[in-house]
1. Cα gyration tensor of the range 135-184, axes a ≥ b ≥ c as square roots of the eigenvalues: rounded (a/c below 1.5), prolate (a/b > b/c) or oblate?
2. With a point put 7 Å past each Cα toward its Cβ, work out how far L22 is from R46 in nm, to one decimal.
3. For helix 120-134, what angle does its Cα long axis make with the longest principal axis of the chain, in degrees from 0 to 90 and rounded to 10?
4. Just want the answer: with Cβ charges of +1 for Lys and Arg and -1 for Asp and Glu, which residue in F160, M29, P113 is farthest toward the dipole's positive end in the chain?
5. Over the range 2-182, calculate the relative contact order: mean separation of alpha carbon pairs under 8 Å at least 6 apart, over the residue count, as a percent.
6. Please arrange F154, F162 by counting, for each residue, the other beta carbons lying within 10 Å of its beta carbon, fewest first.
7. Taking the mean number of other Cβ atoms within 10 Å as a proxy for protection, how do you rank 137-148, 114-125 from highest to lowest?
8. Would you kindly calculate the mean projected area, averaged across all directions, of the convex hull enclosing the Cα atoms of the chain, in square nanometres?
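What follows is calculated from the coordinates using simple rules that are stated; it is not laboratory data. Just so it is clear, the structure is predicted and the values come from calculations on it, not from any experiment. Note: ideal-geometry Cβ built from the backbone for every residue, glycine included; neighbour counts use all protein chains shown.
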Amino acid sequence: MTVRPAELEDLEACLKLDHSYLTDHVWQMEVQESKALVNVSFHAVRLPRPVHVKYPRDRHDLLSAWHHHDCFLVAVDESPEFERKPPLITGYLSLAAHDWHKTGWVSDLVVAPDHRRRGIATQLLHAAREWASGNGLRRLLVEIQTKNHPALCFLERLGFGFCGYNDRYYANQDIVLFFSVDLH
């Protein structure tokens, strides 16, 4: 597996990846308000059965991400059985650099379902960390749906910590959680 900067011809393969996922937990938000206090908490809730969840973004916004993000990486399977043109893209990551607060913002981290749990997302995030550090950024932030429990657990295992939320972030009004890690 190789992680490299994406090329324009990689976008078609990225679009074809299945962006959905299966989850058996969600992070439920509770808000308690009084005159002088707002208390927001999240807790993991086990669902009665696994749920198939669609990706929160229109996949065709990928071309826009290509133009507006500073770092767009792809994971390419280079095993002998996949020696072909075009290369087999198994995942991708897009990141925007926010220089004013020295943060790299990962808005997309996608791995094809049949290639998950093989270290591809880890390799993509490590490459993003290296890119961010090399470009003077001090923090890496990842946005994620409250429904994406597998990814939430994954980010926590890699040392990312919860750092915020937005309760109407996506077009479908889903809540986004923000997880970050310091780079230095």
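1. Because a/c hits 1.5 or more and a/b fails to exceed b/c, the range 135-184 counts as oblate.
2. Simple spin-label model gives 1.7 nm for this pair.
3. Helix 120-134 sits at roughly 90 degrees to that axis.
4. It is M29.
5. 21
6. Details: F154 20, F162 14.
Exposure proxy ranking, most exposed first: F162, F154.
7. In descending order of packing, they fall as 137-148, 114-125.
8. With the hull built on Cα positions only, its mean projection is 12.2 nm².
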